[in-house]
Structures are given as structure tokens and as C-alpha cells.
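The values are calculated or read from the model by the stated rules, or taken from the named source; none is laboratory data. These numbers were taken from a predicted model, which means no experiment stands behind them. A quick note on method: Cβ atoms are made from the backbone with ideal geometry, for glycine too, and the neighbour counts reach across all protein chains shown. SASA here: full protein model, heavy atoms, side chains in, ligands and nucleic acids out. Shrake-Rupley method; radii C 1.70, N 1.55, O 1.52, S 1.80 Å.
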Amino acid sequence: VDDHSGNVRKEVANQLYNISKKVSKEIFKRRLLPVYKKLSKDTLWNVKKAAAEILPKITQLCDSEIISRDIIPIFKSFAQDEKSVVKNAAVEVFGEFISLIDKNDAGNFTELLDFYVDTIQKLTTKGKEDDKIIIQKCAYNFPAVLLFFGKDSWEKLKPCFTLMANDKDEKIKLPLASSLGEISNII
């Protein structure tokens, strides 16, 4: 973690979950979670991106107290990072990540819903090809987001659903179409 080489720190981030799942929860909390927290604040974007990509896996190893105290702020920092590749990594893992948070705590994380909505609105209005992959991930994650935040969030999510459903790219429309039954059951 303190190695001068960014490639070494990135590889530590890539392998941290594999190491963490092999040790006791106490060793993970005492020794490896601090390593993850440090990697998530690295000065190099590629290290932070690797840390963002394993966030759901690290979250699986944490109890609700650690998730609230440590993991949620880490996700927020990824979502607000100045580098778009780090933000994009946060978007890509968003659905899986929130599925690991206790649904009873959804009201405490409305800023995560705002992050998701803002991402969709910004990227669909830009219409850049590079953003299509991120919007595809948002479409894929839409049912998980709606399920987590509940039917009361539909009014906030409906414009995003409409934007993605009206997109010309079939890779964006298909995940939404495939999950219409699930979406309708939630709302």
C-alpha cells in the first residue's frame, strides 16, 4: 500500500478481496479494511478505480456498522471523484453495491439515489459514445435501484427510466425491457 509504484498499489487493490475472504473477519477489520480505505484515497486514478471496482465484494465482508461508517463514505468519494473513470467505476458497481445495504436504511442514503439520477440525466443529455456504456450499466441496475429505494422513489426515477427507454441504443433499452415485469411489481 505504501509502495512507490502505482502498478503495485493497483494490484494490491485487485487482489485485496481474494486475500480478505481467506482471513478471519477480525483480521479483515483490523488489518485489511484500513488497507482498502487507504487505497480508496490513493492519488492515482487507476488505483482508486480498482478500489471502486471491488467495493461490492469488500462490502460483503462488512457488517452494517462498518458499511455505514466506512463503506458508504468511500462510495460517495468515488462518486464525486474528479476523474470520470473513477466515477464511472462507481456507477458500474452501484446496483450490486446498494443490494448489499440494509433496505431499512434506504432513507439515510437519498444522496445515492441523487447520484444515480444525476448521472443518468447528465450522460443522456451529453449523448457522447463513451457515456453509452455507463448508461447501459444504469439501465441494467435500474431494477436494483428501484427495489432498494422502493416504490416511493418512482417519481424521481421515472424521468430516468423514460430517458433510457427512449434511447436509440438497444443495449440500453434491452435491460429495461427485460425487467419491465420486475419494475411493475415494485411500483
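Quick notes on this structure:
- Under the condition of being hydroxyl-bearing (Ser, Thr, Tyr) and more than 14 Å from Phe94 (Cα to Cα), the residues counted in the range 112-148 number 2.
- Residues of the range 140-169 that turn out to be touching a helix residue (DSSP H, G or I) at 6+ places or on another chain (Cβ under 9 Å), more than 25 Å from Leu100 (Cα to Cα) and without any contact (Cβ under 8 Å) to a residue 24 or more places away in the chain, as a count: 2
- Being within 18 Å of Val93 (Cβ to Cβ), free of Cβ contacts under 8 Å to residues at least 60 places away in the same chain, in contact with a helix residue (DSSP H, G or I) (Cβ under 8 Å, 6 or more places away or on another chain) and assigned to a helix (DSSP H, G or I) is a property that does not hold for Ile183.
- Given (1) touching a helix residue (DSSP H, G or I) at 6+ places or on another chain (Cβ under 7 Å); (2) without any contact (Cβ under 8 Å) to a residue 12 or more places away in the chain; (3) among the charged types (D, E, K, R), index of the condition Lys137 fails: (2)
- Per the listing Thr119, Thr124, Thr162, the residue uniquely assigned to a helix (DSSP H, G or I), hydroxyl-bearing (Ser, Thr, Tyr) and surrounded by fewer than 18 Cβ atoms within 10 Å (Cβ to Cβ) is Thr162.
- Among the residues making up the range 107-132, those that are at pLDDT below 85 and within 15 Å of the chain's Cα centre (by Cα) are Phe109, Thr110, Glu111, Leu112, Phe115, Thr119.
- Residues of the range 133-156 satisfying the condition of being open to solvent by less than 40 Å² (accessible area, probe 1.4 Å) and within 17 Å of the chain's Cα centre (by Cα): Ile134, Ile135, Cys138, Ala139, Asn141, Phe142, Pro143, Ala144, Val145, Leu146, Phe148, Phe149
- Where helices (runs of 4 or more DSSP H) sit wholly within the range 1-100, those with at least 3 residues that are open to solvent by 20 Å² or more (accessible area, probe 1.4 Å) and of a type outside the set (Val, Ile, Thr) occupy 6-20, 33-40, 45-53, 72-79, 84-98.
- Pair list, Cβ under 8 Å, 6 or more apart: the range 85-98 residue of a type in the set (S, T, N, Q), other residue open to solvent by less than 10 Å² (accessible area, probe 1.4 Å) and assigned to a helix (DSSP H, G or I): Asn88/Ile134
- Residue within the range 91-101 that is of a type in the set (Phe, Trp, Tyr), within 15 Å of Pro159 (Cα to Cα) and at pLDDT 85 or above present: no
- Candidate set: the range 165-177, residues that are farther than 19 Å from Lys122 by Cα and not aliphatic (A, V, I, L, M); chosen: the one most open to solvent (accessible area, probe 1.4 Å): Glu170
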